[in-house]
Amino acid sequence: MLLRSLQLCCLCTTAVALASCATVIDPSADFAAARSMIQDTTGTEFPFDPALAALSVTEIELVLAGGFTLDEALSLALANNRHLHAGFLELGVGHADFVQAGLLKNPSLSLAFLLPSGGGRTRAGVDLVASVAELWQLRQREDVARLSQNQRILDLSRFAAELIVDTKSAYFQIVAVREARAVAEQGMVLARLVLAGVQRQVAIGVATRTDEELARAAVLNAELAYRRHSQGEEADKQRLASLLSLNIDMREVRLTDSLPDADALAELDSALVARGQQLRLDVRSATLALETANARVQLERNRTIPAAAVGITSERPEGGSSAGFLGGITGSVELPLFDQNQAQVSRAEYRRDALAKELEALAAEVAAQVRAALDRANAARSTALFLERDVLPQAEASAALAQRAYELGDTTVLSLLETQQRVLQTRQDLVDARLEIARTQLELERSVGMPLSVLRRTASSQ
C-alpha cells in the first residue's frame, strides 16, 4: 500500500514538473503583450522577438544606405537596442517567478533504520510529508507575481517610449546642425560673392581697400561658422549610433528628414493633462505597484500560521511484534507563539500606504509637467511663426534693397554686409526655433508618455 502511494506521488510530481517546465520556458504570451503595448505606446511597429537572431551588419547597412529617415531610425532603435533586448529577457525571468509562485513545495521523504541493541530484526520507518500551509497562500502569491510581471511589462514599454523620445532628440539635433551648416554655407557663398564684387570695384576705383578688408573678414567669419557646424554633427551622430546599439561609423550616413515646423504643435489644449494622467506608463506602473502592495498585504496576513504539513507514515516494528507494518497519518504545525508575522504584515501595510502617497504625488507632478510643456510648446510655435511670417521676409527685403543700393553706389559695403548678416542670422534663428519646436514636442511627448500623433489618434477614437 505504501509502495503504491509512493508511486502515485512520484507520477503526480513528474507530471506537474513537466507541465511547469513547459510553461517556464515559453513566456511568449508576455513577449506578445509587451510588443503590443510598445507598438500602441510609441506608434512604431516593433519587430523584435527574443527567439529570432539579431539584425546582421548587412541588414543594418541596407537600412542606412540611400538616406536614413526618422521612421527608419525609430524602427531600428526598437529592433536593435540591446538594453531593450535585455528587458525582454527579464520578462522571461518574471514569467518563471510567476510559475514558481503557483507551485507547492515538493513533499519530503524521510527514512529511518533502527538497529536493536540485543539483535534481531531492524526497525524501519518511512515518512512522506507535504506542506499544506501554502494552500491558503497560493492564490495571493500568484496575484503578487502576476501583478509584478504586468508591472515589468509596463516598465519595459515605458523604457521603449523613452528610447523613442531620445532617438528623436538625437535625430533632430543632427538635422538642426545640418540645416545650420546649410545656412552657414549660404553665408560663405554670399560673402565670397560680395568679396569678388568689392574687388572688382576696387580695381576700377569705386571701392576702397578698407571695403575689401571688411568683405574679406566677412568671408573668414562665414568659413569659421561653417567649420564649427561641420564638427558638431559627428558627435551627435555617435550619440544616435549609441541609442541604436550600432558599432559603426555614422559620419557618412545621410539623414533625410527635416525639423518639424509650427504645424507639429497645432491643436494642443489643456485636455492633454487629463490624458497624460490616464495614459502615462509610469502612472499605470505606479498604480500596479499599489495593487501589488495590496496583494502582498493579504499574503502576509495569511501567513499567520507559517508552516503546516501532513503526510503518511509507515513503520516496520521490531521482531516479535504481532503486526508486520504500522501505517497512518502524520502532521506538524508551527506554533506561532512568538512570531505571528505581525512585523511583516505591518511592513507590507506601511509599504502599501507609502506607494499610495507616491502615486498621488506622481499624478500631481504629471499634471504640472504637462502644463509646463504645453506652455513652452505654444511659446515655441508662436516664435517660429513670427520668424517665418514676419521677421525673415522683412530681413530678405531689406537685404535686396541694400544690394541694389550698393550696386548703384548709394550705400557702403558695411551696410550691405550688415543686412546680409541679418538675413543669415534670422535664418539661423528660424532653425533654432524649429529645433525648439522639436524639443518642446519631445518634452510634451515625454510628459504625456506617448507621441502626439498617437495621442491625437487616441483622442479622436474616443
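Each value in this text was obtained by applying a stated rule to the coordinates, not by laboratory testing. On a predicted model such as this, the values are computed, not experimentally measured, just so you know. Glycine also receives a Cβ, built like all others from the backbone with ideal geometry; neighbour counts cover every protein chain displayed.
List of remarks:
- Extension gain for A196 to E162 (0.36 nm times residue separation, less C-alpha to C-alpha distance): 7.2 nm.
- Contour excess over end-to-end distance, with Cα ends at A182 and Q394 and 0.36 nm allotted per residue: 74.2 nm
- For A124, the residues 5 or more places off, or on other chains, whose built amide H falls under 5 Å of its own are L114, R316.
- Amide H contacts for T411 (H built 1.01 Å from N in the peptide plane; partners 5 or more residues away or on another chain; cut-off under 5 Å): Y406.
- Under-5 Å amide H pairs with T330, H placed in peptide plane, nonlocal only: G311, I312, T313
- Between E134 and V333, the contour length at 0.36 nm per residue exceeds the alpha carbon distance by 70.4 nm.
- The order of M450, M37, going from fewest to most other C-beta atoms within 10 Å of their C-beta, is M37, M450.
- Region 411-452 and region 145-208 have their alpha-carbon centroids 10 Å apart.
- From phi via Karplus (6.51, -1.76, 1.60), per-residue ³J(HN,Hα) for region 444-450 in Hz, x at Gly/Pro: 5, 5, 5, 6, 7, x, 6
- Over region 23-461, the Kirkwood radius and the radius of gyration, each from Cα atoms, give a ratio Rg/Rh of 1.27.
- Computed over the chain, the per-residue total of -39500 (n - 2.57) for DSSP H runs of n ≥ 4 gives a 222 nm mean residue ellipticity of -24000 deg cm²/dmol, rounded to 500.
- Using a simple spin-label model with pseudo-atoms 7 Å out from Cα toward Cβ, I248 and R121 lie 8.1 nm apart.
- Each residue, I204 and Q278, gets one label point 7 Å from its Cα in the Cβ direction; the gap between the two is 7.2 nm.
- Neighbour net charge for P260 - beta-carbon separation under 15 angstrom, K R +1, D E -1: -4
- Burial ordering of I204, I312, I153, fewest other beta-carbon atoms within 10 Å first: I204, I312, I153
- Taking a straight line from the alpha carbon of K168, these lysines sit under 30 Å away, with near neighbours fewer than eight places off in the same chain left out: K237.
- A crude spin-label estimate for the pair S453 and E59, with each label 7 Å from Cα along the Cβ direction, gives 2.3 nm.
- Per-residue Cβ neighbour rank within 10 angstrom, fewest leading, Y171, Y406: Y406, Y171
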